[in-house]
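Trainee: Pasting a structure here, questions to come.
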Amino acid sequence: MKLSLFTALFLLLVTSHGIAQKASVSSPDGRIRVSLFSDATNNGTWHLSVFYSDSGRAQNVIPRIDLGLVRSDQDFSRKLSLVKAGKPRAIEEHYEMPHGKRSICSNRGNEVVVSFLNREKSRLNVILRAYNDGVVFRYEFPEKTGTFTIKDELTAYSVDDSVTRWMERWNPANEGLYAQMKGAGIQQREWCYPALFNTAAKNCWFLLHEADVNRSYCGSKLSNMREKFAYKITFPDQRDGNGLGASLPVVALPWKSPWRVAIIGSLAKVAESTLVQDVSPASVLKNTGWIKPGLVSWNYWSDNHGTKDYKTVCAFADLAARMNWPYTLLDWEWDAMANGGNLEDAARYILSKGVKPLIWYNSGGKHTYVPATPRDRMLTHENRVEEFTKLKKMGFAGVKVDFFESEKQDMINYYLDILEDAAKFEMMVYFHGCIVPRGWERTYPNLMTSEAVRGAEWYNNGPEFTTIAPDHNSILPFTRNVVGPMDYTPVTFTNSQFPHLTSYGHEMALSVLFESGLQHFADRPEGYDALPDAARTFLKEVSNAWDEIRLLEGYPGKDAIIARRKGNRWYIGGINSELREKRKTLQFNFLPVGVRYKLILIADGKHDKDLETQYLVTDSKGSVDVKMLRRGGFSAVLSPLVENQ
């Protein structure tokens, strides 16, 4: 059902006194509507309410979102008078991404701007947008001059206790686990982004996040410490980053806040959404031809001190060359490399194999207690220029920067400084021990990935990840990886310090299931060399920068099956997280009609370490049954037959 711009986009109700009291904006397809309302008994406070229609039935998915800011000079949270609701306008923008879940994206929604005056007659605008996959809103101070501290943001999402939620307890590295909660089991804590909710109407989900966090603000988190069922925007703790930097943001007018984002719809709509990138600013880079996503060999997982050893570095360069992976990473302690060579020797060897080197840095400074070296070489503009100049001459393609430990405004500036300086030297960047993506990879497409996840590295950190990983892996496609690239460092078959319980089929599937512009395959060379030919060929050819995504089936903590397209090939990854064997029927109705495809299916065999391969021909009307062991999985590739060409 499609409604016209004038009937669906904007509804303005006028009281008998002629003052606007309510406004509403709907998505282009009419399924999502966000409405503004005021509780007359609540001292002039204003709120939003979000509705979602499925099969013609509208439900109030987020009944109340509190609005307001407290500035150092004035209060914009109470006694606000609605003075104007601007004319509705359609947002229509198309853009391309060099990496991500979709190469061609569209920013298409409807917007209305609502203006308020506070008691001092100062103006606050609230910009509301509705999209086919969610709603976003932000605050604006339109005045031309003035610098102020934001003492508090009153934004809070009220969520009924009947709603099931998956939330990660706040930690500065964003490397926690998601807890599933409902009713009496709901905990009161501070929480990381993003947060996933499933309403009582089972086909309606929403994911809360933020986008376009820039130099004018800090990163935020959610807290229900005061009200159990209301998740309030909360600023960083002053103790974060060893207490360095102010926890409250300072804003210069005119000013706009980050977007507050709620991705809404079916679970597939949430998993496939690019809304965080859609509302972020366009790329500031005119030339992006040098930005090359790709697969990476990584020695740290199998040997925590691997980069100290020149021969280990060479072995992983050889692995990348054998597997046709374009990159290998030199992790920490490269400044202490020995046993046959140093950094310059390693760079020359890697390049001689047709592979490009990437290199690690400790972000350094007083904000981190971690002494790992090299540190401080990214800390200032002068440091970065000196280091990038040397790296460029040696043939390095990118840097990994670690241990940020804060989301205060000064740290947001540090992130963006690194991205901007790196781009001048055509250096790709990825962050570790860091903030969850806020859409920067659109604005700075040289940002290839971010950690901000409990990934395979945790097999080195303690025994608990062994049992938790299968469940955790099937939650991430619906939470963390929705909002941006995720450096989980997947696809490991041997064991590190603590063992796997996942099958080989499960590990293979993660190459497709998880999206990252630089995808680090973390196992030791013999782990890949020992694979059957079909599996090894799959890992040589699988992409990590995609044209299209389809969620075929899944539920957080149970299973997940995702199809991704690169060119005319479709790759599929599916995992089972439960302690029982499952059989799934894959339907290929997402394929173009009339085109026949060769299907290579690599699935669990009889035992966890067995892989069985099937070769079939199918089309859009076809299907195939696949078995997944407990904690198992499968991978597949669909290629058009030559006869179609």
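Trainee: Here is a list of conditions, (1) farther than 28 Å from Y131 by Cα; (2) part of a loop (DSSP other than H, G, I, E, B), and S283 meets all of them except one; can you say which number that is?
Mentor: (1)
Trainee: Identify all residues within the stretch 424-443 that are surrounded by fewer than 23 Cβ atoms within 10 Å (Cβ to Cβ) and more than 30 Å from Q497 (Cα to Cα); write none if there are none.
Mentor: Residues satisfying the conditions are K424, F425, E426, T443.
Trainee: In the stretch 83-113, what residues are among the hydrophobic types (A, V, I, L, M, F, W, C) and under 24 Å from the mean Cα position of the chain (by Cα)?
Mentor: The answer is I91, M97, I104, C105.
Trainee: Which of the residues that make up the stretch 246-265 are open to solvent by less than 30 Å² (accessible area, probe 1.4 Å) and not β-branched (V, I, T)?
Mentor: If the condition is that a residue be open to solvent by less than 30 Å² (accessible area, probe 1.4 Å) and not β-branched (V, I, T), then S247, P249, L253, W255, S257, P258, W259, R260, A262, G265 are the ones that fit.
Trainee: Further, regarding this structure: So which residues in the stretch 352-391 are touching an Asp or Glu at 6+ places or on another chain (Cβ under 8 Å), outside any loop (DSSP other than H, G, I, E, B) and either of a type outside the set (V, I, T) or open to solvent by less than 10 Å² (accessible area, probe 1.4 Å) (or both), if there are any at all?
Mentor: W360, Y361, N362, H381, N383, R384, F388
Trainee: Scan the stretch 444-464 residue by residue and report those that are open to solvent by 10 Å² or more (accessible area, probe 1.4 Å) and free of Cβ contacts under 8 Å to residues at least 60 places away in the same chain.
Mentor: The answer is N461, P463, E464.
Trainee: Further question on the same structure: Within the stretch 547-603, which residues are polar (S, T, N, Q) and surrounded by fewer than 21 Cβ atoms within 10 Å (Cβ to Cβ)? Can you show your working first?
Mentor: Initially, the stretch 547-603 is screened for residues polar (S, T, N, Q), giving 568, 576-577, 585, 587, 589.
N568, T585, Q587, N589, listed by residue number.
Trainee: I'm trying to understand the selection: among the residues of the stretch 101-121, which are open to solvent by less than 20 Å² (accessible area, probe 1.4 Å) and among the hydroxyl-bearing types (S, T, Y)?
Mentor: S115
Trainee: Being among the hydrophobic types (A, V, I, L, M, F, W, C) and within 27 Å of the chain's Cα centre (by Cα): is that true of F76 here?
Mentor: Here the answer is no, as F76 does not meet what is asked.
Trainee: While we're looking at this one, here's another question. Can we say L69 is in contact with a strand residue (DSSP E or B) (Cβ under 9 Å, 6 or more places away or on another chain) and free of Cβ contacts under 8 Å to residues at least 60 places away in the same chain? Working first, answer last.
Mentor: Working: in contact with a strand residue (DSSP E or B) (Cβ under 9 Å, 6 or more places away or on another chain): yes; free of Cβ contacts under 8 Å to residues at least 60 places away in the same chain: no.
In short, no.
Trainee: Out of V491, V483, report the one residue that is closer than 20 Å to D303 by Cα and either aliphatic (A, V, I, L, M) or free of Cβ contacts under 8 Å to residues at least 24 places away in the same chain (or both). Talk me through it step by step, then tell me what you get.
Mentor: Numbers: V483 fails: closer than 20 Å to D303 by Cα.
Going through V491, V483 in turn, just one is closer than 20 Å to D303 by Cα and either aliphatic (A, V, I, L, M) or free of Cβ contacts under 8 Å to residues at least 24 places away in the same chain (or both): V491.
Trainee: Still on this structure, I have one more. Under 9 Å between Cβ atoms, at least 6 apart or on separate chains: pull out the pairs that start in the stretch 134-148 with a residue that is open to solvent by 10 Å² or more (accessible area, probe 1.4 Å) and end on any residue that is among the polar types (S, T, N, Q) and in a loop (DSSP other than H, G, I, E, B).
Mentor: What qualifies is R138/S257; E140/S257; E143/S122; F148/S72; F148/Q74.
Trainee: Continuing with this model, one more query. Out of the stretch 604-633, which residues are under 29 Å from the mean Cα position of the chain (by Cα) and either open to solvent by 10 Å² or more (accessible area, probe 1.4 Å) or modelled with pLDDT under 95 (or both)?
Mentor: L629, R630, R631
Trainee: Can you find a residue in the stretch 229-241 that is small (G, A, S), more than 29 Å from V512 (Cβ to Cβ) and either in a strand (DSSP E or B) or at pLDDT below 95 (or both)?
Mentor: Looking through the stretch 229-241, at least one residue is small (G, A, S), more than 29 Å from V512 (Cβ to Cβ) and either in a strand (DSSP E or B) or at pLDDT below 95 (or both).
Trainee: With the condition being modelled with pLDDT of 95 or more and farther than 20 Å from E210 by Cβ, I'd like the strands (runs of 3 or more DSSP E) fully within the stretch 392-510 carrying at least 2 qualifying residues.
Mentor: Per the criteria, 398-402, 428-431.
Trainee: Among the numbered criteria (1) under 26 Å from I435 (Cβ atoms); (2) surrounded by 16 or more Cβ atoms within 10 Å (Cβ to Cβ), which one does Q180 miss?
Mentor: It is condition (2) that Q180 fails.
Trainee: Does K101 qualify as being of a type in the set (D, E, K, R) and at pLDDT below 95?
Mentor: So K101 does not fit the description; no.
The values are calculated or read from the model by the stated rules, or taken from the named source; none is laboratory data. It should be emphasised that the depicted structure is a prediction, and the values quoted were computed from it without experimental measurement. Cβ atoms come from the backbone with ideal geometry, glycine included; neighbour counts cover every protein chain shown. Heads up: the accessible areas ignore ligands, DNA and RNA and are worked out on the full protein's heavy atoms, side chains in. Shrake-Rupley method; radii C 1.70, N 1.55, O 1.52, S 1.80 Å.
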